[in-house]
Amino acid sequence: QVQLVESGGGSVQPGGSLRLSCAASGFTFSSRTMYWYRQAPGKERELVASITSTGERITYADVVKGRFAISGDNAANTVYLQMNSLKPEDTAVYYCTAVVAFRRYWGPGTQVTVSS
């Protein structure tokens with residue numbers, strides 16, 4: 001069965017960094033595009049970054065370009081999100097997601113709080 005489990009969230013001061021991880025199982029990780037989304041309180045879930053299975057195509061939301069970096073490790077079935085220069089507006093629950101057999105699967109999410 002498909003499972004996605006995020007980790008690495010926490011509380012950090014503005015300007016700080018966090019590295020999120022998403023461990024995947026139950027599908028062929030190396031053939032899937034992986035995505036990071038986030039949802040802030042009272043807001044809709046939004047796409048943060050995506051990476052194709054080969055790593056050749058990477059996309060970022062404009063609000064995180066230059067600060068966040070997505071990467072994947074096919075051997076470890078894990079996708080990462082390095083977040084630098086964090087801002088209070090980055091506070092949200094961060095989710096990783098993948099489409100498997102035409103169905104989108106989500107992890108439970110990990111909370112990121114940026115506050116002084």
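The values are calculated or read from the model by the stated rules, or taken from the named source; none is laboratory data. Because the structure is predicted, anything quoted here is derived from the model rather than measured. What goes into the accessible areas is simple: the full protein's heavy atoms, side chains included, and nothing from ligands, DNA or RNA. Shrake-Rupley method; radii C 1.70, N 1.55, O 1.52, S 1.80 Å.
Worth pointing out:
- Apportionment of accessible area to carbon and sulfur, the chain, percent (1.4 Å): 46
- Value of Rg to Rh for the range 1-60 (Rh from inverse mean 1/r over Cα pairs, i.e. Kirkwood): 1.00
- Were the residues from VAL5 through LYS87 laid out at 0.36 nm apart, the gain over their Cα-Cα distance would be 27.1 nm.
- Between THR52 and SER30, the contour length at 0.36 nm per residue exceeds the Cα-Cα span by 7.0 nm.
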